[in-house]
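Submitted below is the structure of interest, expressed as structure tokens.
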Amino acid sequence: MSQGYPIKIYSEPDLSQSSLVLGWSEDAGNLGRKVTDYLNRKLKGQKFAEIELEDFFPLGGVTIEGNLAQFPESKFYACQELELVVFQSNPPGTEWYKFLNSILDVAEHHCQVKELYIIGAMVSFSAHTSPRQLFTVVNSAEIKEALNQYDLVGDMNYQTPAGERPTLNSFLLWIAK
């Protein structure tokens, strides 16, 4: 348990100025899972912690694939040589605030994270033959400036529809400020 949050720490990574890349497993096209799987495989990420799931996932979070029960996962991986932390998780069913603060607790107290990058995808209503665009939403002028060198659309201003709960990514960025 870390700082009162339901976290299991298996080892302490040796990080001092790290970046956190976070990907959810259930976004459009499973982009978050694919990117975090790729980073962990390519950079040889080592699992060092996980969030205990009892408070966040009802039994309905368990799926059956190939006659095997698939339980939700929320795991942290460290790529120490590159000062990179990768968090891969199913989105929580309940207790969003507590869950997201658990992520930030590990990031701050165990990894000295200075930057947070969230990988996510949304459905776009455009023809499959249309050129693809990558959008960014940033909360600092420095990061926006650093990303200017890439072919990214940086003027996206996503607004949660009235009467709906904000996206998990929006909520995390709000808490992390």
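To the nearest Å, what is the center-to-center distance of the range 56-102 and the range 24-39, using C-alpha atoms only?
Spelled out, the Cα-based centre of one part sits 12 Å from the other.
Count of lysine pairs in the range 7-124 with Cα atoms under 20 Å apart, counting only pairs 8 or more residues apart in sequence or on different chains?
13
When the dipole is taken about the Cα centre of the range 72-177, and only Lys, Arg (+1) and Asp, Glu (-1) are charged at their Cβ, what size is it in debye, to the nearest 20?
280
For a Förster distance of 35 Å, can you work out the FRET efficiency between the beta-carbons of ASP55 and GLU142, rounded to the nearest 0.05?
Efficiency, rounded to the nearest 0.05: 0.50.
Per the Debye formula with a single identical scatterer at each Cα and no solvent contribution, what log10 I(q)/I(0) holds for the chain at q = 0.09, 0.17 Å⁻¹?
Once normalised to I(0) and log-transformed, intensities are -0.34, -1.22.
Estimate the FRET efficiency between LYS98 and LYS47 by the formula 1/(1 + (r/R0)^6), using the beta-carbon distance for r and 30 Å for R0, to the nearest 0.05. Could you put the intermediate results ahead of the total?
Working: r = 22 Å, r/R0 = 0.73.
The formula returns an efficiency of 0.85 here.
Please arrange VAL86, VAL62 by how many other C-beta atoms lie within 10 Å of their C-beta, fewest to most.
Arranged by neighbour count, lowest to highest, VAL86, VAL62 become VAL62, VAL86.
Determine by what factor the alpha-carbon radius of gyration of the range 100-177 differs from 2.2 N^0.38 Å, reporting the quotient.
My calculation over the Cα atoms of the range 100-177 gives 1.29.
Taking Cα pairs under 8 Å and at least six residues apart, what relative contact order does the chain come out at, in percent? All intermediate terms of the calculation are to be shown ahead of the outcome.
Working: 275 pairs, mean separation 48.1, N = 177.
Value for the chain: 27 percent.
Take the alpha carbon atoms of the range 86-127, find their radius of gyration, then divide it by 2.2 N^0.38 Å using N residues; give the quotient.
For the range 86-127, the normalised Cα radius of gyration comes out at 1.50.
Between SER102, VAL35, VAL21, whose Cα lies farthest towards the positive end of the dipole of the range 7-124 when Lys and Arg beta carbons carry +1 and Asp and Glu beta carbons carry -1, centred on the Cα centre?
Comparing the listed Cα positions along the dipole, VAL35 ranks first.
Would you mind working out the magnitude of the charge dipole of the chain relative to its Cα centre, with +1 at each Lys and Arg C-beta and -1 at each Asp and Glu C-beta, to the nearest 20 Debye?
320
Once the Cα atoms of the range 14-118 are picked out, what are the Rg and Dmax in Å?
Values for the range 14-118 (Cα only, Rg and Dmax): 13.8, 43 Å.
Considering only the range 1-97, what is the antiparallel percent among its DSSP beta bridges, to the nearest 5?
Expressed as a percentage, antiparallel bridges in the range 1-97 total about 75.
Could you list LEU152, LEU172, LEU134, LEU68 so that the one with the fewest beta carbons within 10 Å of its beta carbon is first and the one with the most is last?
Details: LEU152 15, LEU172 20, LEU134 12, LEU68 7.
Final ranking by Cβ density, sparse to dense: LEU68, LEU134, LEU152, LEU172.
Going by C-beta contacts inside 10 Å, put ARG33, ARG41 in order with the fewest on the left.
Details: ARG33 18, ARG41 9.
Sorted ascending by nearby Cβ count, the order is ARG41, ARG33.
The numbers here are math on the coordinates, done by the rules we state, and not lab data. What you are looking at is a predicted structure, and each value in this text was computed from that prediction instead of being measured. Note: ideal-geometry Cβ built from the backbone for every residue, glycine included; neighbour counts use all protein chains shown.
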